[in-house]
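One structure is given below, encoded as structure tokens.
The values are calculated or read from the model by the stated rules, or taken from the named source; none is laboratory data. On a predicted model such as this, the values are computed, not experimentally measured, just so you know. Here the Cβ positions follow ideal geometry from the backbone for every residue, glycine too, while neighbour counts run over all protein chains shown.
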Amino acid sequence: PKPSIERMKEYVAGRNIEEVARSYGIDERDVIKLASNENCLGPSPLAVSAIKKAASSIHLYPSVDGVELREALAAHYDVPVGNIVTGPGMDGVMETLLRVFLDKGDEIVIPLPTFSYYENVAGFSSAVPVFSTRRPDYGLDIEDILSKVSERTKFIFITSPNNPTGNVTPVEDIERIASAVDCLVFVDEAYIDFADRTALGLVRKYDNVIVGRTMSKAWGLAGLRIGFAFVPEWVLGQYMKAATPHSISRVSIAAAIGALGDKEYYEKSVETVRKGRKYLAGNIPFRTLPSEANFILMDVSPLKSKYVADECMKRGIILRDCTSFRGMGDTFVRVTVGTPAQNKRLVEALKDIRGGA
Ligand code: PMP
């Protein structure tokens, strides 16, 4: 392998239900996964029926650039289709974008702690991650970020709401950064549906702002891998050259268009998260951080995150121990907001673990 891959740590994903059921001898139906910020409602019925309809044409390639989905997104968000790109998950969209812009030795600025995959994608191009540290309240340290920008910087990554801390970055802060630099600012809005402030307006105003989105969370399509981004028009043609052809399947395109038409499901998803978040913040027996995402970060001190996550796993609840997040320490556990029944089971388990430790 090339040195940048050899040095890289593998991406750590949440453990899956089947594996946990097997290792702990629990019935699969009794295991709940609150580790990967998926949608607790199951899929949208309109997405499922669209998949059934699409099944008869899976012997044909999908469109090369997901144009049907791009058009549906353009109508839904009232944004021109020339400002929208799609890909296999936001992860896939980022891979294409970074392939377009990063050469060996280029830099990307990443405020920590945050989602770890940016760093891996930079490594694919032998580019260098340069880290900034968020303030104690996990807000951005704008001066520090700007001081890390060099003539080799191609991207600044801003995750809002941030994963795993859950806080939103005010649009004014993003604008301050975007207006002060020549490089691109990638605003990762994977969880924005659960918050109420988007930086989407900045894409129109600045030619260096990209806003990334996913259908894995509020739209409930994590298993189909569908991401998109709002980009300045000049990026579109370059993106298309570097994108893997036909990278979103027919089934995924059909399901995504179906889900976009399911207003009731989307609203119920957002509402379930807002209510569940409030319940969890009020009942979890550890300090929790204010969150505008579909997850909550808890500081389990004086216990260790691994201990709490393992004890939950024994009780059939999969959580995310945040030790693997760079700069996060060993006392933070992230929990996805679930259904009311799942949330209640989680709270009871945590009380039991806290009491027994
Ligand atoms: N950005 C953030 C902040 C995320 O947490 C995730 C999901 N793990 C992604 C991007 C990737 O989302 P997708 O499922 O669309 O690849």
Test: residue in the range 61-70 that is in a helix (DSSP H, G or I) and exposed (fewer than 12 other Cβ atoms within 10 Å of the Cβ): no
Close pairs (6 angstrom Cβ cut-off, 6 or more residues apart or separate chains): in contact (Cβ under 8 Å) with a residue 12 or more places away in the chain in the range 268-295, exposed (fewer than 15 other Cβ atoms within 10 Å of the Cβ) and in a helix (DSSP H, G or I) anywhere: Pro285/Lys351
Residue count, the range 199-250 (criterion: outside any loop (DSSP other than H, G, I, E, B), surrounded by fewer than 20 Cβ atoms within 10 Å (Cβ to Cβ) and within 16 Å of the ligand (Cβ to nearest atom)): 2
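Quick grid of which residues meet (1) assigned by TED's automatic domain parsing to the domain that holds Ala222; (2) among the hydrophobic types (A, V, I, L, M, F, W, C); (3) more than 16 Å from the ligand (Cβ to nearest atom):
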site: Ile145; (1), (2), (3): yes, yes, yes
site: Ile156; (1), (2), (3): yes, yes, no
site: Val168; (1), (2), (3): yes, yes, no
site: Arg176; (1), (2), (3): yes, no, yes
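Within the range 86-116, work out how many residues are at pLDDT 95 or above, within 14 Å of the ligand (Cβ to nearest atom) and not in a strand (DSSP E or B). Reasoning before the result, please.
Quick first cut of the range 86-116, residues at pLDDT 95 or above only: 86-115.
The next check asks that each one be within 14 Å of the ligand (Cβ to nearest atom); those that pass are 86-98, 110-115.
From what's left, not in a strand (DSSP E or B): 88-98, 113-115.
Counting residues in the range 86-116 that are at pLDDT 95 or above, within 14 Å of the ligand (Cβ to nearest atom) and not in a strand (DSSP E or B) gives 14.
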Filter result (in contact with a strand residue (DSSP E or B) (Cβ under 7 Å, 6 or more places away or on another chain), charged (D, E, K, R) and touching a residue at least 60 places away in the same chain (Cβ under 8 Å)) within the range 158-210: Asp188
